[in-house]
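The block underneath contains the structure these notes are about, expressed in structure tokens.
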Amino acid sequence: MSNPYVPLFILLALGFGFAALSVGTSLVVGPKRYNRAKAEAYECGIQPSPRAEGGGRVPIKYFLTAMLFIIFDIESIFLFPFAVAFDQLGLFALVEMVLFIITVFVAYAYVWKRGGLEWD
Amino acid sequence: MHTLIQSLATEGAAATEGGHAAYAWLLIALPALGAAILLLGGKRTNKFGPALATGLSWASFAVGAVIFVTMLGLGAEERAAHAELWNWIPAGQFQLSAGLLVDQLSMSFVLLITFVGSLIHVYSLGYMEHDPDKRRFFAYLNLFVASMLVLVLADSYLLLFVGWEGVGLASYLLIGFWNHNPAYATAANKAFFVNRVGDLGLSIAIMMMFATFGKVDFASVNAGVDGASTTQLTAIGLLLLVGACGKSAQFPLQSWLGDAMAGPTPVSALIHAATMVTAGVYLVVRSHAIFEGAPNAQLAVAIVGAITLLYGAIVGCAKDDIKKALAASTMSQIGYMMLAAGLGPIGYAFAIFHLLTHGFFKAGMFLGAGSVMHGMNDQVDMRRFGRLSGAMKVTWVTFGLGWLAILGIPPFAGFWSKDKIIESAFAVGGTRGWILGLATLIGAGITAFYMSRLFFMTFHGKEKRWTDGQHPHESPATMTVPMIVLSIGSGLLGMILAFAGFAQWLHPVFGGEEHEEHTNWPLMAITLLVVAAGLLLAYWRYWREEVPKRAPEGNLLTQAARADLYQDAINEGLFMRPGIHLTRALVFTDTKGVDATAGGLAATIGGFSSRLRRLQNGYVRSYALTMLTGVVAVLGVLWVMN
Amino acid sequence: MSAAVPAVFEAVKVDYAAIAPMLVVVGGALIGVLVEAVAPRSTRYGAQLVLTLATIAAALVALFVWAVPHKAVTLGQSLAIDGPALFLQATLLVFGLLGVLAMSERFGGKSADAFTPMGASSPGSPQEAAATRAGFATSEVFPLALFSLFGMLIFVAANDLITMFVALEVLSLPLYILTGLARRRRLLSQEASLKYFLLGAFSSAFFLFGAALLYGFSGSSDLKLIARAITTNSSQMNGLLLPGAILVLIGLLFKVGAVPFHSWTPDAYQGAPTPITGFMAAATKAAAFGAILRIAYVGLEVSRWDWRVGVGLIAAATMIVGAVLSVTQTDVKRLLAYSSVAHAGFILVGLLSFDGNGIAGVMFYLVAYGLATLAAFAIVAMIRQGGSEATHLSQWAGLGRKHPVVAGIFGLLLLAFAGIPLTSGFTSKFAVFAPAIHSGGTMGVLLVVIGVLASAVTAYVYFRIIVLMYFTQAPEDDVVALTPSVATTIVVTVGVLATLLLGIVPGLLLQLAQDASTFLL
């Protein structure tokens, strides 16, 4: 292999191919029996939120959840490489990581105490 | 005071740094202190405020007199002294210190300003006696005196600019003093706007000096002139001239002076006759080195002077408002000074000489006009005066002396100064000499006519044209005494200065060779004849004949002159119309009436502004589009250029 | 193009003394969030205020005690704690202190007067009314201000494009929130916040794009290495340099409100709670100019002949548009917004001189303008009609008669904005224009001429307000100036004193700025 990008492209093509294939196959092969639930947006099995046009409003809680997700998501993004190379990084990185987790914790504590985690 | 004199005398001889200039800061500090006390003290100072302001003004004059006496005791070359106050902007390449320069030129102004200024303080004690805002008025007067002293004592263009702005502010506040009258507030605004044009010229000139010489103090600029190109000097000179035109109401920035008469009369006398309006002349004379290096700019000064002196004289013939007629005359007389300053070395001394005598006689006449108004229930229309000589004897005599002085009748003040300017103008020689000389000569004739017209219409004539129920009476002593003092000056000052050798005394300021004094007798005779002709014409028309109470329609020229030779209309057409229909967004109530010139430039900018404003429509999408366009444009420009 | 990846991890060297002020500020902000979480509602306002002021004061102490003697490029070249950085950090901390004081103004009420009791409630809703009755307070504004200040402190020291970008976001995000928290005219405030956020994000994209191009050009985001790549002309991709430089600068010029990236300024300034507007105008501008200075003088100085004209055009447009548009403004906050646009143009003129005195002049200008602006907005917050802020100019008519002291102070500040001699406005204009004339070449002189003309136009605007306050009959209305507490009084006093002192004896600060005008490489 002269070019390191070739496998990447192959992988990309495979990915697209698989998606196209599965959607295409279900279109061709699958049975087509419609009901109302099928026409609605798919939201993890819960009641779909009302559509924005026509004056519907999205609960602010969704936004809150998304924000919290980002907090922890970022935390894990940093934690993962740190955990992998923990033995090489030494004490300095440990301290840095603790500091980082403290900052995230502060945000978490704020949200928690101010009732951000209460759904209703 | 005795110790002060002693210390000055001993120190003064030693060095030009410090010396008798060491106490010059007091000149400024005293009136500034007065203004501060009156403005900050509020109503508590109502009682003693005016008297305090007057006292401080006199104290400043006393300091000036002491310095002057000390100066006289020194040799001609030691009289200029410099005192550094503090290091204003001390960092790196923009060194700039604030200092005072006390030399013959600045001292002449200091004495004029403090003396006439103090007299007018005294006069105002009477004139403004019943005004509820008297304290504020005196605070502004003191502020003005302090700023004017900063202007003339500054040792650099920048500090001069501080004073320049200061007098502008004080003048603005005083013109609009009776601002409950919207027309007066408008006049104040007009003065402000026109002055801004001049100030802009001056500030750009200072910037250019900085670029050319690296310094902006007088000494460095004068020293650096030799190294600069004529083009640079011409540009600086012309910009300085723009500044001078704005402040001194010279063509084409003269339109504000007439309206400025809306201010209380003492203000007109002090600021718009004796001192502030002459700052332009001071500026030109102070910058003599630059103008000598730039003959074209110098010629422009003389031309502007010539145009204004005729313009003012013509306008003066048609005005019926006594103060406006005097204002036109001031314009014209400053035109004389400008012209003299534009003649080069032979003219400088006479420009200043005329400035001093004019300061006395014009201030005296303004105070006289104020006294007349005081006695006539604030009537200003000369067609409703007539034969006041009987009712107001002191006013009549003092005004008469001023009148003789401005006409240039020997031996009164104007004769000694104005005649010299006429002589010098002819002495330039060549076509230029003839043109300038004739302008001054014709101007003298017209001056004689309109000043006599003013004098006869007010104090003499066939009959009394007073409105019913008028009982003219002489003004109180606080008003008449200053008038008397000033009229003595109008009578004698010219002679005293001429015999004391004022021109020679002033000479070290300008350097160069001293030129011979010789009197041109035939010219003097011709001048007197022309003056006499003007006087007789006025006598025949306004004393012997009946003066209609209402202004007749008059011929085209009269109409034009009455309308300030259509200057406002021209300004309106040039500056105002293009933008006026777009300036409805103006906020404050009195703007609707903003005058032609005042609104002119502003309206144009306002119109531009309204158009630009539409881009700010509140939609975030169009903001983003603006940004994107900007990015593309900048990238495009750079891409094309590289 | 592969950067050397160290086989073994090496901890970066951290000069803790040099970054102590930033650590103090972020620490204070975090504690502030915890206070918000645990302290009982009634004690929050007082606790937050004390904590915030103490934090900033401690940061100032740390700055002078530890950081000043410890100039260093630290944290793996990403922060340069050098003269300009320290000067501007000190400036920002002072602005922060005054800004927080202005934000804390209660005018006799229970909570900070400028901020809504409950940011999450819809304007006009029952929840809002209930929150007002209960005397709730959005005391989060104090930690938010600290976070923003923290971002600014990094911003002026960032020696690396990525650090700079992070700092840009850290300073901006809290400001977006703060902008939307006004107590009165909340819809306007929220609209302003959203606009500011959207356009801010838009400009961040430009910055990032530019940073990417510069990285492509030089293989590094380190300003020093970018400069080296330009000097040695070693890159294969010369075409990326100019667009990269311009896009990065544009991203930053957005923050100072340079034309044509200014359109958020009037809307955000008008909508934001007035003390926040003051804080934004003073501190954001100082921070952003600090970053521009560093990029222009450290990273892109060698290639300046290529991009200087572009920024010069922007400076000219900024001065002209800022000055001209201020003429037709009828709202005092919008007017000051346009004036701040024009001032950004004046500062750019000095910045483009490429001269140590230019750096000093710019920094001096930022101090002088910032202090005056903070005081001006503090006064705007005091003028009320029927409880809400009277920002329409017509409401200011005759104010000079009713409240001579307040109007007089505001007049003085306006004179300073107009650049009248013996005020700080004049010396600062002089300090930026002089180097531009001296070493800015033809373009410098042209820009100065435009600058002088533009300041004449703005002078007209300012004098118009003075006329309005003093020479107009006051209509019969109930416009009043509220009596301020100690906090606002301090802000105004400092502003006025600085305006006068920097006008009459600017030497000390100018000298300080000059001594601090060398960048560490």
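Derivation of every value follows stated rules applied to the coordinates shown; laboratory data play no part. Since this is a predicted model, take the numbers as computed values, not measurements. When we count neighbours, we look across all protein chains shown, and the Cβ atoms used for this are built from the backbone with ideal geometry, even at glycine.
Please give the helix C:41-62 orientation as an angle from the longest Cα principal axis of chain C, in degrees from 0 to 90, rounded to the nearest 10. Computed tilt is about 40 degrees. Here r is the Cβ-Cβ distance between A:Ile74 and C:Leu198 and R0 is 25 Å; the resulting FRET efficiency, rounded to 0.05, is 0.65. Here is the link list: C:Lys13/C:Lys285; B:Lys247/B:Lys324; B:Lys190/B:Lys362; C:Lys224/C:Lys255; B:Lys215/C:Lys429. Which ones come out longer than 19 Å on Cα distance? The answer is C:Lys13/C:Lys285; B:Lys190/B:Lys362; C:Lys224/C:Lys255.
Against chain C, whose longest principal axis comes from its Cα atoms, helix C:161-179 is set at around 10 degrees. Ordering B:Ala83, B:Leu149, C:Ile162 by the projection of their Cα atoms onto the charge dipole of the protein assembly as shown, which places +1 on the Cβ of Lys and Arg and -1 on the Cβ of Asp and Glu, puts C:Ile162 at the extreme positive end. The H on the amide N of B:Leu85, modeled in the peptide plane, is under 5 Å from the matching H of B:Ala98, B:Gly99, B:Leu100, each at least 5 residues off or on a different chain.
Mean partner shielding of peptide B:204-216, defined as the number of other chain Cβ atoms within 10 Å of each residue Cβ, is 3. Residues C:His343, B:His130, C:His262, B:His82, ranked from the fewest to the most other C-beta atoms within 10 Å, line up as B:His130, B:His82, C:His262, C:His343. Going from the residue with the fewest nearby Cβ atoms within 10 Å to the one with the most, C:Tyr16, B:Tyr348, C:Tyr297, A:Tyr34 rank A:Tyr34, C:Tyr16, C:Tyr297, B:Tyr348.
Taking every C-alpha pair closer than 8 Å and separated by at least 6 residues, the mean separation divided by the residue count of the range C:305-514 gives a relative contact order of 33 percent. Here the range B:257-329 is treated with +1 on each Lys and Arg Cβ and -1 on each Asp and Glu Cβ, and its dipole about the Cα centre works out to around 60 debye.
Averaged over the residues of peptide A:82-91, the number of Cβ atoms from other protein chains lying within 10 Å of each residue's Cβ is 1. Partner lysines whose Cα lies under 20 Å from the Cα of C:Lys402, excluding those fewer than 8 positions away in the same chain, are identified as B:Lys43, B:Lys134. Legend: ranking of residues B:Trp434, B:Trp466 from fewest to most surrounding C-beta atoms inside 10 Å; resulting order B:Trp434, B:Trp466. Relative to the dominant Cα principal axis of chain C, helix C:141-157 is inclined by about 30°.
Taking θ as phi - 60° and the Karplus parameters 6.51, -1.76 and 1.60, the scalar couplings of the range B:313-329 work out to 5, 5, 4, x, 5, 9, 7, 9, 7, 4, 6, 5, 5, 5, 5, 4, 5 Hz in sequence order, x denoting glycine and proline.
Between B:Lys43 and B:Leu529, the contour length at 0.36 nm per residue exceeds the Cα-Cα span by 169.3 nm. Each residue of the range A:86-96 was assigned a 3J(HN,Hα) from its phi angle through the Karplus expression (A = 6.51, B = -1.76, C = 1.60, θ = phi - 60°), giving 4, 5, 7, 7, x, 5, 4, 5, 4, 4, 4 Hz with x at Gly and Pro.
Sequence-ordered 3J(HN,Hα) estimates for the range B:366-372 from the Karplus curve with 6.51, -1.76 and 1.60 and θ = phi - 60° stand at 4, 4, x, 4, x, 5, 4 Hz, glycine and proline given as x. When the GluC sites (Glu not before Pro) in the range C:1-109 are filtered for DSSP coil states and for at most 15 other beta-carbon atoms within 10 Å of their beta-carbon, the remaining sites are C:Glu10.
The calculated FRET efficiency for B:Ser229 paired with A:Leu117, based on their beta-carbon distance and R0 = 51 Å, is about 0.05.
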